[in-house]
Amino acid sequence: MSFSKILLCLGVLLSFSAYSQGDESGQRLQLRVYLEGALINNANAVSEDGRPLMRDNLRVSPFTGLNYLPASNPYQTIVSEVNLSNANAHVGIGNRSDLVSISDPDQVFGVFGDNAIVDWVFVEIRKAGDTDNVIATRSCLVQRDGDVVDLDGQSHVWFPDLTDETFHVAIRHRNHLGVMSNVVTSENLIDFTSPQFPVFDFGTTRGQGLNYQNLSQKVHINQGYRTLWAGDFNADCKVKFAMPNDDLTIAFYEQDFSGTGYTPGYFQGDFDMNSVVTFSGANNDSSLLEAQAKNYHLNPTQLPNFDYFIEQIPARN
Ligand SMILES: [Ca+2]
Ligand SMILES: [Ca+2]
Ligand SMILES: [Ca+2]
């Protein structure tokens, strides 16, 4: 082979490797979030760097030893009679088949420790300064230490059709209230667990004499970390204990009627995400919901049917 042909081959090889390594479209975002339910009574478990760890009981149930996490995105499905797609419609190519199904669930759900998978979450990207406008979505996974990851269980979340470099990020979970950031840039860690991280709130704009400032997330008992509010069993973006249109009814129908006292599985009424729905006994899911609803800061008289404990994300246009 002549010297010029060798150079040509090298050039082709170099350009091919550059293409295969660097030509991914869109952007990857580094996100963190805590789900309150999965931190309740977590035995003060902490990660190697001292952060609270959520329980991963849906991945390995302490009651049955089984995995209840679905291998495909639950946010366009009906989970225990609750249609999750009402609040979590995909925009753009977020619904593409390779972006909604885990290709190797045994591998992804086989990881234990800090990076074990807790559940699926739903992420929306909204136009900077135009918060009603959803421009990209992904369903993805959250690890015990709060890292939100892609469907390989470890990579930052890929948004193939995202070209904007500044935007709002909203993150939702199927039985928690979601939250939306102020404008962020794609290079930075988007950390909803940090008390310093600025998030959107409705302030006094909802009327009723209510001020929603600083109530977009719950302050966790452990070192002031922020979590999503647990208890939205019927996924209507509101936490409500007593009828009508309440969350307790969901847990009521999911409870065990055969005598064991708990129902194992992937259920909306599992407040503490311990892989079972319980209606009586210690730390049962219905009493956790009741305490949540009655102790909300804007409900000082502890009304059981308080109707204004809401998710603070603007409605989509
Ligand atoms: Ca991690
Ligand atoms: Ca609700
Ligand atoms: Ca439970």
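Among the residues of region 159-187, count how many are free of Cβ contacts under 8 Å to residues at least 24 places away in the same chain and either within 19 Å of PRO314 (Cα to Cα) or not charged (D, E, K, R) (or both).
Qualifying residue count, region 159-187: 4.
If a residue has to be surrounded by fewer than 16 Cβ atoms within 10 Å (Cβ to Cβ) and modelled with pLDDT of 95 or more to count, how many in region 255-265 make the cut?
Applying the first criterion (surrounded by fewer than 16 Cβ atoms within 10 Å (Cβ to Cβ)) to region 255-265 yields 256-261.
From the residues that got through so far, the ones that are modelled with pLDDT of 95 or more too are none.
Of the residues in that region, 0 qualify.
If I filter region 204-224 down to residues being within 15 Å of the chain's Cα centre (by Cα) and in a loop (DSSP other than H, G, I, E, B), which single residue comes out as surrounded by the fewest Cβ atoms within 10 Å (Cβ to Cβ)?
Step one: of region 204-224, the residues within 15 Å of the chain's Cα centre (by Cα) are 216-218.
Applying the additional criterion that residues be in a loop (DSSP other than H, G, I, E, B) yields 216-217.
Details: SER216: 23, GLN217: 25.
Among those that are within 15 Å of the chain's Cα centre (by Cα) and in a loop (DSSP other than H, G, I, E, B), it is SER216.
Residue pairs, Cβ under 9 Å, 6 or more apart or interchain, first in region 237-251 and over 20 Å from GLN217 (Cα atoms), second assigned to a strand (DSSP E or B) and near ligand 2 (Cβ under 7 Å from one of its atoms). List them.
ASN245/LYS238
Taking into account only those residues within region 159-171 that are assigned to a strand (DSSP E or B) and more than 30 Å from THR249 (Cα to Cα), which is farthest from the chain's Cα centre (by Cα)? Give the derivation first.
We begin by selecting, within region 159-171, every residue assigned to a strand (DSSP E or B); these are 159, 166-171.
Filter again for more than 30 Å from THR249 (Cα to Cα), leaving 159, 166-169.
Details: PHE159: 16, THR166: 21, PHE167: 18, HIS168: 16, VAL169: 12 Å.
Looking at residues that are assigned to a strand (DSSP E or B) and more than 30 Å from THR249 (Cα to Cα), I get THR166.
Which ones in region 225-254 are surrounded by 20 or more Cβ atoms within 10 Å (Cβ to Cβ) and in a loop (DSSP other than H, G, I, E, B)?
Of everything in region 225-254, those that are surrounded by 20 or more Cβ atoms within 10 Å (Cβ to Cβ) and in a loop (DSSP other than H, G, I, E, B) turn out to be TYR225, GLY231, ASP232, PHE233, ASN234, ALA235, VAL239, LYS240, PHE241, ASP246, ASP247.
Take the residues of region 271-284 that are farther than 15 Å from PHE257 by Cβ and in contact (Cβ under 8 Å) with a residue 24 or more places away in the chain: which is nearest to ligand 1 (Cβ to nearest atom)?
So, considering only residues that are farther than 15 Å from PHE257 by Cβ and in contact (Cβ under 8 Å) with a residue 24 or more places away in the chain, the one nearest to ligand 1 (Cβ to nearest atom) is MET273.
Considering region 208-257 alone, what residues qualify as being small (Gly, Ala, Ser) and either touching a Lys or Arg at 6+ places or on another chain (Cβ under 7 Å) or within 23 Å of PHE122 (Cα to Cα) (or both)?
Initial filter on region 208-257 (small (Gly, Ala, Ser)): 209, 216, 224, 230-231, 235, 242, 251.
Those that are small (Gly, Ala, Ser) and either touching a Lys or Arg at 6+ places or on another chain (Cβ under 7 Å) or within 23 Å of PHE122 (Cα to Cα) (or both): SER216, ALA230, GLY231, ALA235, ALA251.
Determine if region 139-158 includes at least one residue that is free of Cβ contacts under 8 Å to residues at least 40 places away in the same chain and over 16 Å from the mean Cα position of the chain (by Cα).
Scanning region 139-158, I find no residue that is free of Cβ contacts under 8 Å to residues at least 40 places away in the same chain and over 16 Å from the mean Cα position of the chain (by Cα), so the answer is no.
Can you tell me which residues in region 291-316 are out of contact with any strand residue (DSSP E or B) (no Cβ under 7 Å at 6 or more places or on another chain) and not polar (S, T, N, Q)?
ALA291, ALA293, LYS294, TYR296, HIS297, LEU298, PRO300, LEU303, PRO304, PHE306, ASP307, TYR308
Here is a check on your reading of the model: is ASP106 under 19 Å from PRO74 (Cβ atoms), free of Cβ contacts under 8 Å to residues at least 24 places away in the same chain, out of contact with any Cys (no Cβ under 6 Å at 6 or more places or on another chain) and not in a loop (DSSP other than H, G, I, E, B)? Steps first, please.
Details: under 19 Å from PRO74 (Cβ atoms): yes; free of Cβ contacts under 8 Å to residues at least 24 places away in the same chain: yes; out of contact with any Cys (no Cβ under 6 Å at 6 or more places or on another chain): yes; not in a loop (DSSP other than H, G, I, E, B): yes.
The answer is yes for ASP106.
Quick one: what pairs do we get from region 294-317, first residue outside any loop (DSSP other than H, G, I, E, B), second basic (Lys, Arg), C-beta under 7 Å, 6+ apart or different chains?
Within 7 Å, the pairs are ILE310/LYS238.
What number of residues within region 109-158 are more than 16 Å from ligand 3 (Cβ to nearest atom) and assigned to a strand (DSSP E or B)?
Residues in region 109-158 being more than 16 Å from ligand 3 (Cβ to nearest atom) and assigned to a strand (DSSP E or B): 28 in total.
Out of everything in region 172-203 that is away from ligand 1 (no atom under 16 Å from the Cβ), within 14 Å of the chain's Cα centre (by Cα) and not polar (S, T, N, Q), what residue ends up being farthest from ALA235 (Cα to Cα)?
Only one residue tops the list, namely MET180.
The values are calculated or read from the model by the stated rules, or taken from the named source; none is laboratory data. Owing to the predicted nature of the structure, the values given are computational and were not obtained by experimental measurement. Cβ sites come from the backbone with ideal geometry, for glycine too, and all protein chains shown count toward neighbours.
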